[in-house]
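Notes follow once the structure below has been shown.
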Amino acid sequence: MGLPEGFEAHLKTGATSVARAWAVTRRDGVTYGFTDHDRNLSFEGIEFRADTGLAAGAIQQATGLAVDNTEAVGALSDTALSEADIQAGRFDGAEVRAWLVNWQDVDQRVAQFRGSLGEIKRANGAFQAELRGLTEMLNQPQGRVFQSPCSAVLGDAACGVDLDAAGLAFEGAVEAVDNRRVFTFSGLGAFEDRWFEGGRVQLLSGAAQGLIGLVKNDRLSGGDRVVELWEAIGDQVVAGDTIRIEAGCDRRLETCRAKFANALNFQGFPHIPGEDWMMNYPSDGQVLDGGSLFR
């Protein structure tokens, strides 16, 4: 895409007034604007702040399908990017857009980069973030995988299970929490033991609102229900915060049929022979007529 006519004319003067601007949009919709100019800029409904200490390295761009990568570095502050938010994972996968803009006339600008945040490193009150271009998505495996367990994610379009249906999720206040990882509830005996194991926890209120965890263990113990996550929630969770826990799925056909009545949408291939099939040998009592192994 070529430069806007007015912006191109400005660059050709040889005495330019250009700056860089970045917009970071988190997955929860919160947008932050930054610029390396010495005063704030504003366009596209975003205020680009000049007091954040954010800077970016040279943008690598190429024709074809090569991944365009760059890097952003900056200081952490409570009024801009905070270490607590980065540690909590609120910026994981956030969308990033970058412009070269004439700070004397912000209508004269050109988009230089669009992608997402990759690996973020934190040290000594500063951060360093990898920016990944749109072609990064092409590095991910695509298409069906022929495997015995289901390849769908519970509740997605391929699965078709409605997680808002009665009996598949619980929403309520946290009664007790240990180390942001173990949650205890009373009065949840209506759900079978291990019902939520392999499921998802989402915080709906409190400091950790919007953060998500995956359930490792779900046990009924003496009238209480103890739900343990694989990893601690990234921000503070206290008793009284509202939480949503969704049913878990172990991706087996038996579970899909009995727990969710959804066998028609099962996205696995349960009758694929296992690796031990290649080592099988004839023995008395077996029917070896070349027919199906599942009768």
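The values are calculated or read from the model by the stated rules, or taken from the named source; none is laboratory data. From a predicted model like this one, the values you see are computed outputs, not experimental measurements. Here the Cβ is made from the backbone with ideal geometry for all residues, glycine too, and neighbour counts use every protein chain on show.
Scan the stretch 179-193 residue by residue and report those that are surrounded by fewer than 17 Cβ atoms within 10 Å (Cβ to Cβ), assigned to a loop (DSSP other than H, G, I, E, B) and out of contact with any Lys or Arg (no Cβ under 7 Å at 6 or more places or on another chain).
Across the stretch 179-193, the qualifying residues are Asn179, Arg181, Gly187, Gly189, Ala190, Glu192.
One line per residue, one yes/no per condition, for (1) on the phi > 0 side of the Ramachandran plot; (2) out of contact with any Asp or Glu (no Cβ under 8 Å at 6 or more places or on another chain); (3) among the β-branched types (Val, Ile, Thr):
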| position | (1), (2), (3) |
| --- | --- |
| Ala190 | no, yes, no |
| Phe196 | no, no, no |
| Gly199 | no, no, no |
| Gly206 | yes, no, no |
| Gly213 | no, no, no |
| Arg219 | no, no, no |
| Asp224 | no, yes, no |
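Regarding the stretch 219-231, can at least one residue be identified that is among the basic types (Lys, Arg), within 24 Å of Asp156 (Cβ to Cβ) and surrounded by 14 or more Cβ atoms within 10 Å (Cβ to Cβ)?
no
Only one of Gln142, Gln128 is within 21 Å of the chain's Cα centre (by Cα) and assigned to a strand (DSSP E or B); which?
Just one listed residue meets the conditions, Gln128.
Which ones in the stretch 210-237 are more than 11 Å from Val174 (Cα to Cα), in a loop (DSSP other than H, G, I, E, B) and in contact (Cβ under 8 Å) with a residue 24 or more places away in the chain?
Gly210, Leu211, Gly223, Glu231, Ala232, Ile233, Gly234, Asp235, Gln236
Filter the stretch 199-215 down to residues that are modelled with pLDDT of 90 or more and either over 17 Å from the mean Cα position of the chain (by Cα) or of a type in the set (Phe, Trp, Tyr) (or both) and give me whichever is surrounded by the fewest Cβ atoms within 10 Å (Cβ to Cβ).
Ser205
Can you pull out the residues in the stretch 145-154 that are touching a residue at least 40 places away in the same chain (Cβ under 8 Å), within 21 Å of the chain's Cα centre (by Cα) and surrounded by fewer than 19 Cβ atoms within 10 Å (Cβ to Cβ)?
If the condition is that a residue be touching a residue at least 40 places away in the same chain (Cβ under 8 Å), within 21 Å of the chain's Cα centre (by Cα) and surrounded by fewer than 19 Cβ atoms within 10 Å (Cβ to Cβ), then Ser151 is the only one that fits.
Being modelled with pLDDT under 85, out of contact with any helix residue (DSSP H, G or I) (no Cβ under 9 Å at 6 or more places or on another chain), more than 18 Å from Arg26 (Cα to Cα) and surrounded by 14 or more Cβ atoms within 10 Å (Cβ to Cβ) is true for just one of Thr63, Thr70. Which residue is that?
Thr70
Name the single residue that is farthest from Gln267 (Cα to Cα) among those in the stretch 105-144 being polar (S, T, N, Q) and without any contact (Cβ under 8 Å) to a residue 12 or more places away in the chain.
The selected residue is Asn124.
For the stretch 2-16, state whether one or more residues are surrounded by 15 or more Cβ atoms within 10 Å (Cβ to Cβ) and charged (D, E, K, R).
No.
For the stretch 238-247, indicate whether the set of residues that are of a type in the set (A, V, I, L, M, F, W, C), surrounded by 15 or more Cβ atoms within 10 Å (Cβ to Cβ) and in a strand (DSSP E or B) is non-empty.
Taking every residue of the stretch 238-247 in turn, at least one turns out to be of a type in the set (A, V, I, L, M, F, W, C), surrounded by 15 or more Cβ atoms within 10 Å (Cβ to Cβ) and in a strand (DSSP E or B).
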